[in-house]
Amino acid sequence: MDPISDMLIRMKNAQAVGKKTASFGYSKIKWEIAKLLEKHNYLTEISKKGKKNKKLLEVGFLYDTDGAPKISNVKRMSKLSRRVYRGFREIHPVRHGYGIAVYSTTKGLLTDKEARAGKLGGEFLFEMY
């Protein structure tokens with residue numbers, strides 16, 4: 001199973017039922033994704049729990065003023081079975097700028113806006129809105 005898509009679906013499902021936090025297994029890529037989502041106001045807080053082999057990543061969720069979840073849909077683009085790469089000219093806004101797409105580039109994980117501004121292409125991980 002793909003660990004990144006598992007993390008994204010757990011976050012989406014936890015917000016759909018109104019939970020405040022969710023936790024899943026820790027890895028460096030998941031930590032970087034969580035930091036990026038926190039920077040762009042999809043998550044409130046992130047923290048590492050546990051020791052050595054049993055590390056967990058715990059994230060807190062942000063909701064709109066009317067109680068609607070910030071993460072309403074997630075679409076994993078690059079999978080284990082099929083990798084998707086895009087050049088910076090092929091990167092387009094998600095939902096007319098209301099969502100974000102995350103790319104793995106040579107400069108680290110970037111959103112679609114940051115990748116276009118830096119003229120960087122890379123692996124298209126997922127889009128979220």
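Each reported figure results from applying straightforward, stated rules to the coordinates on display, with no laboratory input. Just so we're clear, the structure is a prediction, and the values are computed from it rather than from any experiment. So basically every Cβ, Gly included, is an ideal-geometry build from the backbone, and we count neighbours across all protein chains shown.
Summary of values
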| quantity | calculated |
| --- | --- |
| Per-selection Rg to Rh, the range 3-61 - Cα, Kirkwood hydrodynamic radius | 0.94 |
| Summed residue charge, Cβ within 12 Å of S5's Cβ, Lys/Arg positive, Asp/Glu negative | +4 |
| Charge dipole (debye, nearest 20) of the chain; +1 at Cβ of Lys and Arg, -1 at Cβ of Asp and Glu | 520 debye |
| Relative contact order (%) - criterion: Cα under 8 Å, at least six apart; region: the range 74-128 | 48 percent |
| Relative contact order (%) - criterion: Cα under 8 Å, at least six apart; region: the chain | 22 percent |
| Neighbourhood charge, 12 Å Cβ-Cβ cut-off, centred on G118 and excluding it, Lys, Arg +1 and Asp, Glu -1 | +2 |
| Cα gyration tensor category, rounded, prolate or oblate, for the range 74-128 with a/c compared to 1.5 | oblate |
| Additional length obtainable on full extension of the chain from K55 to A16, 0.36 nm per residue less Cα span | 11.5 nm |
| 14 Å Cα-Cα reach of K20 towards aspartates and glutamates, excluding residues that sit fewer than 8 places from it in its own chain | E45, E58, D64 |
| Semi-axis lengths (Å, descending) of the ellipsoid that matches the C-alpha gyration tensor of the chain | 24, 18, 13 |
| Helix-only mean residue ellipticity at 222 nm for the chain, each DSSP H run of n ≥ 4 adding -39500 (n - 2.57), per residue, nearest 500 | -7500 deg cm²/dmol |
